[in-house]
Amino acid sequence: MRIIDHHIAGQTISHGSRTSPVYDPNSGQVQAEVRLAGADLLEQAVAAARAAQPAWAATNPQRRARVMFKFKALVEAEIDDLARVLSSEHGKVLADSKGDIQRGLEVIEFCCGIPHVMKGEYSHGAGPGIDIMAFRQPIGIGAGITPFNFPAMIPMWMAGVAIVTGNAFILKPSERDPTLPVMLGDLFRRAGLPDGIFSVVNGDKEMVDAIIEHPDIAAISFVGSSDVAEYIHANGCARGKRVQAMGGAKNHAVVMPDADLDQVVRDLAGAAFGSAGERCMALPVVVPVGEATADALRAKLLPAIAKLRIGTSTDPEADYGPVVTAAHKAKIESYIQMGVDEGAELVVDGRGFTLQGHENGFFVGPTLFDHVTPTMQSYREEIFGPVLQIVRAADFEAALALPSQHQYGNGVAIFTRNGHAAREFAARVNVGMVGVNVPIPVPVAYHSFGGWKRSAFGDIGQHGMEGVQFWTKRKTVTGRWPDGGVGDAGSAFVIPTMG
């Protein structure tokens, strides 16, 4: 049995008496065991970070950027192998795994420009003989706790910005698919990153709590479920840490009567069912405005869903592969049953899907519900699977209210040809990221990612300039170089002003 260990100070560390199975979702078989550790191993990683971080922070930003350039080149050279590893543990198809890696690399590309981003501010002559400058310094040691659904992208979102701004970074990846995050540690080492600046510690809640409680970890970045996000945010902030904690989602796609339904169906098929729906920016809810729009959309969705190909993660013709574990498959199917029990119309049932030769794989077929209502629990909660729900809205105002009043506020999309409707919707909807005829509105790397309400705890987003702000502290220096004259002695006892 293959054992997945930890990566600390540039070395593989075998530590931890407990293990957790890592499955091949295509076959349903255990393919590896990952060692789970706790506070004692975390202290090793923190000790290595303490020793290495001051010198790394003192390294000029241009040299730090060169490590990112080299890391990017190494990942690009090995992307095929990395994607195969990712798919083998997650289940997403190879093309989707490459997209996972590429979206992470786009943040690394942003990091390559850190010398410009970190230039700071300067005011000459802010007062008589007084100059003011402001610059950003690293916080010290940061930690990232990442989910199973993007084992390449999200670690790179966090680690890239944290490291290039001069911090040391400790990653606690999901125990469901930890191999690729450990491989990232070796790629950073090969790129010239000093030992101790990037470490990977595998674990479960015991490790999460150790990260929260460690006094030398100054900031925590998290992506996962809302309940865990709230727990980490509350407990991390209570210990004086800076915390950004991204939670769950229930993204809506509002379809106006004038929308191009053929385009909507193409976009929905990918956004709702791609990666088996295991994306926080998936579109699991579609809101057609008006009965005629709803009926027409449903009629076009049915043949598109029937054409979807579910296959193994290595099948180049597959639209999506299995979900990550048997437990997650069971959870998705329980939500489908919940929808039936609540009175929604089950139009397409994805339960019971099997793939010949892979009968024990964790496959769930595409599922479509119609006549879902906001009072249903299956609508209020995140399913995180290939399940699309149609919630019909009588008019624009009713459609706008649905995502605005939902407990989650990660992403939303509107499909329309009407510029006024799109502008009004984008301005008024109570959601953090909005797409106009864009089904998955994840911002590019030089903007920032982050939702509202129970989709995000903390007020600073991931990557982009907000990422730089999260991983650094502003320092402002007010300086005066006296010319030798002696002023009024009493003035030293009065608060200085620029009047």
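The values are calculated or read from the model by the stated rules, or taken from the named source; none is laboratory data. All values reported here derive from a predicted model rather than from experimental measurement. Cβ sites come from the backbone with ideal geometry, for glycine too, and all protein chains shown count toward neighbours. Keep in mind that these areas ignore ligands, DNA and RNA; they rest on the heavy atoms of the full protein, side chains included. Shrake-Rupley method; radii C 1.70, N 1.55, O 1.52, S 1.80 Å.
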What lysines sit close enough to Lys475 to cross-link, taking a C-alpha to C-alpha distance under 26 Å and skipping anything fewer than 8 places away on the same chain?
-> Lys119, Lys241
Among the DSSP beta bridges whose two residues both lie in the chain, what percent are antiparallel, rounded to the nearest 5?
-> 45
Roughly how many Å is it from the Cα centre of the range 379-424 to that of the range 236-311, as a whole number?
-> 9
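How far, in nm, would the chain grow between Lys331 and Gln405 when pulled straight, counting 0.36 nm per residue and subtracting the alpha carbon separation?
Values: separation 74, 0.36 × 74 = 26.64 nm, distance 2.50 nm.
Gain on stretching Lys331 to Gln405: 24.1 nm.
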For the range 430-488: relative contact order, % (alpha-carbon pairs under 8 angstrom, 6 or more apart) | 24
Points 7 angstrom from Cα along the Cβ direction at Gln377 and Met1: gap in nanometres?
-> 3.4
Report the semi-axes of the equivalent ellipsoid for the chain in whole Å, largest first, where each axis is √(5λ) for an eigenvalue λ of the Cα gyration tensor.
-> 43, 30, 19
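How much length would be gained if the chain were fully extended between Ala95 and Lys473, taking 0.36 nm per residue of separation minus their Cα-Cα distance, in nm to one decimal? Provide the component values of the computation, followed by the final result.
Values: separation 378, 0.36 × 378 = 136.08 nm, distance 3.84 nm.
Fully extending the segment from Ala95 to Lys473 adds 132.2 nm.
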Hz values of 3J(HN,Hα) by residue in the range 82-91 - Karplus curve (6.51, -1.76, 1.60), Gly and Pro given as x = 4, 5, 5, 5, 4, 5, 5, 9, 8, x
In nm, to one decimal, how far is the Asn360 label point from the Ile132 one, both placed 7 Å along Cα→Cβ?
-> 6.8
Largest first, what is the accessible-area ranking of His406, His124, His15 with a 1.4 Å probe?
-> His124, His15, His406
Here the FRET efficiency for Gln62 versus Met465, based on Cβ atoms and R0 = 22 Å and rounded to 0.05, is 0.70
Loop sites only, by DSSP: take the GluC sites (Glu not before Pro) in the chain that have at most 10 other C-beta atoms within 10 Å and name the longest stretch containing none of them.
-> 1-316
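Given the rule -39500 (n - 2.57) for each run of at least 4 DSSP H residues, summed and divided by the residues of the chain, what is its mean residue ellipticity at 222 nm, to the nearest 500 deg cm²/dmol? Mind dumping the intermediate values first?
Details: 16 runs with 193 residues, N = 499.
Value at 222 nm, helices only: -12000 deg cm²/dmol.
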Estimate the FRET efficiency between Thr12 and Lys205 by the formula 1/(1 + (r/R0)^6), using the beta-carbon distance for r and 22 Å for R0, to the nearest 0.05.
-> 0.40
Any chance you could run the full-extension gain for His420 through Tyr122? It's 0.36 nm times the residue separation minus the Cα-Cα distance, nm to one decimal.
-> 103.1 nm
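Given an 8 Å cut-off on Cα distances and at least 6 residues of separation, report the relative contact order of the chain as a percent. Mind showing how you got there, number by number?
Numbers: 1150 pairs, mean separation 90.3, N = 499.
Relative contact order of the chain: 18 percent.
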In whole angstrom, the spacing between the Cα centers of the range 158-191 and the range 18-37 equals 20
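To the nearest 0.05, how large is the calculated FRET efficiency for Asp341 and Asp395 if R₀ is 35 Å and r is the Cβ-Cβ distance? Walk me through the intermediate numbers first.
On the way: r = 29 Å, r/R0 = 0.84.
FRET efficiency, Asp341 to Asp395: 0.75.
For Cys111, Cys280, give the ranking by accessible area with the largest first, probe 1.4 Å. Mind dumping the intermediate values first?
Details: Cys111 0, Cys280 25 Å².
So, going from the largest accessible area down, we get Cys280, Cys111.
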Heavy-atom SASA rank of Tyr320, Tyr408, Tyr23, Tyr122 (probe 1.4 Å, accessible area, largest first) = Tyr122, Tyr23, Tyr408, Tyr320
